[in-house]
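A short write-up of the structure that comes next.
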Amino acid sequence: MVTGLARYLCRTENHRLQLIRLMQRSACLIFNPVAGQGNPDQDLTLIRRILEPELELDIRFTSKEIGAEQLAQEAIERGAPLIIASGGDGTLSAAANALIGRDIPLGIISRGTANAFAGALGIPDTIEAACETIVTGQIKTVDAALCNGKPMVLLAGIGFEAETVNKANREAKNRFGVLAYIIAGFRQLREMKRFLAEIETEDKTTTVTAIAVTVANAAPPTSVLAQGPAGLVADDGLLDLTIVAPMNKAGAIAAGYHLLKTALSGNAAKRRDIGYMRAQRFKIVTEPPQKVVLDGELIGNTPIEIECVPGSLNILVPANADEALDEKLNGLPDLVVELKDSFLAEP
């Protein structure tokens, strides 16, 4: 009962804040002109056509010299009531980094290759639907994390995933789109190496040999190496760690396929060579040191320390996206629903 009340009050407060933001009717749009495979001029024209009747946009462009995090920080200093980021996962995560722990909502317009950020948080990945979410959606408060002091919204991948990202260069992504990651993954299979990982949590230390260790705050089904647990929850105050430990290449392919089915079905992984755990913080040391990818960007090598920062980021999501349906009856043939007298009676 207390939990339900707390959630209701949280949603009510979020709705109140959203109304205040929209009444101010202004936003900073951070736009990456080199993201994705589309035409950036056409993309920006479409975004402006949908949003400018509703919001006064202060448009800022990322460049090699100035990234999305710096632009978001500057927008905060100017007093922007709403920040919108448009680009790939790197742009979106960088903008989100500046907003962790701040009472400023973030709108998302994905125009990247994988669009994992949008997929993980249930945000549409088309420009039209994303803009509609910004105008008519609601504010959802989610967790973030810190990895070696760097903000993390999605996940940190050690080993196989980091090597795959390293092989999927910009030229390949521009040419093949999301297929570039699949091609890179098959290339990495030929060079797959196992490593020893020591994983420390608040209550124990676990040592295991693996090809991949992934720590996720939130992740879409396409991030298969993060899909060990039965569903990833972005606002539970915990991080989800998945260990993939096949003995050979055939096992790696089978494990990947199993994790994809896990993601699509919502069931936890059951293979003996896949493990998972949940904790508020992880410290991971590997031998030998392994590459680490953080929210789609390589940041160096292990060791890493990751800690969840609960309820620290406000994201605009589709209306009612976080409301679970307890039942669905409408549309059934010959449907009759009768309330019991005991329910109708006064207490």
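The values are calculated or read from the model by the stated rules, or taken from the named source; none is laboratory data. Bear in mind that the values here come from a model prediction, so they are computed numbers and not experimental data. Note: ideal-geometry Cβ built from the backbone for every residue, glycine included; neighbour counts use all protein chains shown.
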ask   = Would a scan of the range 23-34 turn up a residue that is over 21 Å from Ser312 (Cβ atoms), part of a helix (DSSP H, G or I) and at pLDDT below 95?
value = yes
ask   = How many residues are aliphatic (A, V, I, L, M) and touching a Leu at 6+ places or on another chain (Cβ under 8 Å) when one looks only at the range 47-80?
value = 8
key: Selection status of Glu54, surrounded by fewer than 22 Cβ atoms within 10 Å (Cβ to Cβ) and modelled with pLDDT of 95 or more   = no
request  = Could you tell me whether any residue of the range 202-214 is buried (at least 22 other Cβ atoms within 10 Å of the Cβ) and either in a helix (DSSP H, G or I) or modelled with pLDDT under 85 (or both)?
outcome  = no
message = Can you pull out every residue in the range 236-263 that is surrounded by 14 or more Cβ atoms within 10 Å (Cβ to Cβ) and of a type in the set (S, T, N, Q)?
response = Thr242, Thr262
task = From Leu259, Leu225, Leu264, Leu325, grab the single residue that is in a loop (DSSP other than H, G, I, E, B) and at pLDDT below 85.
result = Leu325
query = Within the range 72-90, is even one residue within 25 Å of Ile299 (Cα to Cα), surrounded by fewer than 19 Cβ atoms within 10 Å (Cβ to Cβ) and at pLDDT 90 or above?
reply = yes
message = I want to confirm something. Restricting to the range 302-322 and keeping residues that are farther than 21 Å from Leu232 by Cβ and at pLDDT 95 or above, which single residue is surrounded by the most Cβ atoms within 10 Å (Cβ to Cβ)?
response = Thr302
remark   = For the range 56-92 the number of residues that are in contact (Cβ under 8 Å) with a residue 40 or more places away in the chain and outside any helix (DSSP H, G or I) is 10
message = So in the range 93-111, with the set limited to residues that are in contact with a Leu (Cβ under 8 Å, 6 or more places away or on another chain) and in a helix (DSSP H, G or I), which one is farthest from Glu56 (Cα to Cα)?
response = Ser93
inquiry  = Suppose we filter the range 35-51 for residues that are more than 12 Å from Arg111 (Cα to Cα) and either modelled with pLDDT under 95 or hydroxyl-bearing (Ser, Thr, Tyr) (or both); how many remain?
reply    = 1
note = Restricting the range 281-303 to residues that are under 26 Å from Gly112 (Cα atoms) and among the aliphatic types (A, V, I, L, M), the one nearest to the chain's Cα centre (by Cα) turns out to be Leu294
query = Which of the strands (runs of 3 or more DSSP E) contained wholly in the range 114-166 include at least 2 residues that are more than 19 Å from Thr214 (Cβ to Cβ)?
reply = 138-147
